[in-house]
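The values are calculated or read from the model by the stated rules, or taken from the named source; none is laboratory data. Everything numeric here is computed off the predicted structure, so don't read it as measured data. Cβ placement follows ideal geometry from the backbone for every residue including glycine, while neighbour counts extend to all protein chains displayed.
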Amino acid sequence: MTDSPLQTTDRDGIRVLTVNRPDKLNALNAATLDALHAAFDAAAVDPAVRVIVLTGAGPKAFVAGADIAEMSGLSAVQGRDFSQRGQRMMRRLERMPKPVIAMMNGFALGGGLELAMACHLRIAADSAKVGQPEINLGLIPGFGGTQRLLRLAGRAATLELCLQGSPIDAARAHALGIVNRVVPAADLEAETMKLAQQLAQAAPLALRGILDCVAIGGECGIEEGLEFETTQFGLIFSTDDMREGTSAFLERRKPVFRGT
Ligand code: COA
């Protein structure tokens, strides 16, 4: 591993981004937030990247939160700026035009859970622990945690996790709808890559249409959401991949999608 706070590897259309501060359990300092933001900007426009997997280096943590050492000395104005820096990065991630999978290999606490929740899909090792423990530091979540957890898991779970601050295990996170799947820790990488490969072979513009529809639909009323879906549905008929997908079905062969 290099000294960079973020490691990037590419394989068959899958970009793996690894937060790389294992000695600090991959805590998010300002440099790491900025590296992630730049990495999402780059992946968004790189046609070779079809799907992104986000994980943390080392055996213990996905991301154990915002960097407490860096935060401890901030003024109120600097605290707000730090929150905005994290929120902007996570919004960039949430609105990525390509699927982003969180591969949760251990602690996903505070900013770590916020980062995972901004991803589109979450697979957790059975050993992972998730939570919003900011209350134990006299803090509140500041990278979107109160808002995304509320939307993912509802008011009761959000208030429990944020007010009490105790981490929960992966099985309970799954029961609450916070993670999509829980797998044995030893299978996490293989299972995540299997999903990533499936998405990497899907039609990129259709994936994007779904991501956009769900993002917009989560933030507007049903009429506007349906209208948006109709427009996206019409637009997809202008793509080569839609012709390829429907023809391949009728010709009983496997489609090859090119993102055009
Ligand atoms: N920010 C900065 N450093 C962090 C960190 C964070 N969020 N989480 C862990 N670290 C650092 C520790 O300070 C320690 O550094 P050191 O070896 O230089 O002292 C190193 O990572 C290992 O952590 P440690 O606490 O020794 O590991 P542990 O196995 O005993 O405990 C946790 C693991 C996750 C329970 C514990 O690290 C923890 O509670 N972290 C903070 C979680 C949190 O509150 N996150 C929200 C922040 S807003």
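This table checks each residue for (1) farther than 23 Å from Val51 by Cβ; (2) surrounded by fewer than 23 Cβ atoms within 10 Å (Cβ to Cβ).
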residue: Met89; (1), (2): no, no
residue: Asn105; (1), (2): no, no
residue: His120; (1), (2): no, yes
residue: Pro133; (1), (2): yes, yes
residue: Asn136; (1), (2): yes, yes
residue: Ala153; (1), (2): yes, yes
residue: Pro167; (1), (2): yes, yes
residue: Arg172; (1), (2): yes, yes
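Restricting attention to the range 237-253, does a residue exist that is outside the structural domain of Ala118 (by TED's automatic domain parsing) and of a type in the set (Val, Ile, Thr)? Scanning the range 237-253 turns up at least one residue that is outside the structural domain of Ala118 (by TED's automatic domain parsing) and of a type in the set (Val, Ile, Thr).
Any chance you could count how many residues in the range 47-73 are in a helix (DSSP H, G or I) and farther than 23 Å from Ser127 by Cβ?
Pass one, the range 47-73, residues in a helix (DSSP H, G or I): 68-71.
Remaining after also requiring farther than 23 Å from Ser127 by Cβ: 69-71.
The number of residues fulfilling the criteria is 3.
Can we say Ala175 is among the small types (Gly, Ala, Ser) and more than 16 Å from the ligand (Cβ to nearest atom)? Yes; evaluated as a whole, the condition is true for this residue. Could you please find all residues in the range 1-46 being assigned to a strand (DSSP E or B), over 21 Å from Leu109 (Cα atoms) and more than 15 Å from the chain's Cα centre (by Cα)? Selection gives Thr8, Thr9, Asp10, Arg11.
A quick yes/no check of all residues on (1) touching a residue at least 40 places away in the same chain (Cβ under 8 Å); (2) more than 11 Å from the ligand (Cβ to nearest atom); (3) crowded, with 20+ Cβ neighbours inside 10 Å:
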position: Gln7; (1), (2), (3): yes, yes, no
position: Asp12; (1), (2), (3): yes, yes, no
position: Thr18; (1), (2), (3): no, yes, yes
position: Asp23; (1), (2), (3): no, no, no
position: Leu28; (1), (2), (3): yes, no, yes
position: His37; (1), (2), (3): yes, yes, no
position: Ala57; (1), (2), (3): yes, yes, yes
position: Val63; (1), (2), (3): yes, no, yes
position: Ile68; (1), (2), (3): yes, no, no
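Only residues that are free of Cβ contacts under 8 Å to residues at least 40 places away in the same chain, hydrophobic (A, V, I, L, M, F, W, C) and out of contact with any Pro (no Cβ under 6 Å at 6 or more places or on another chain) were counted in the range 239-260, giving 4.
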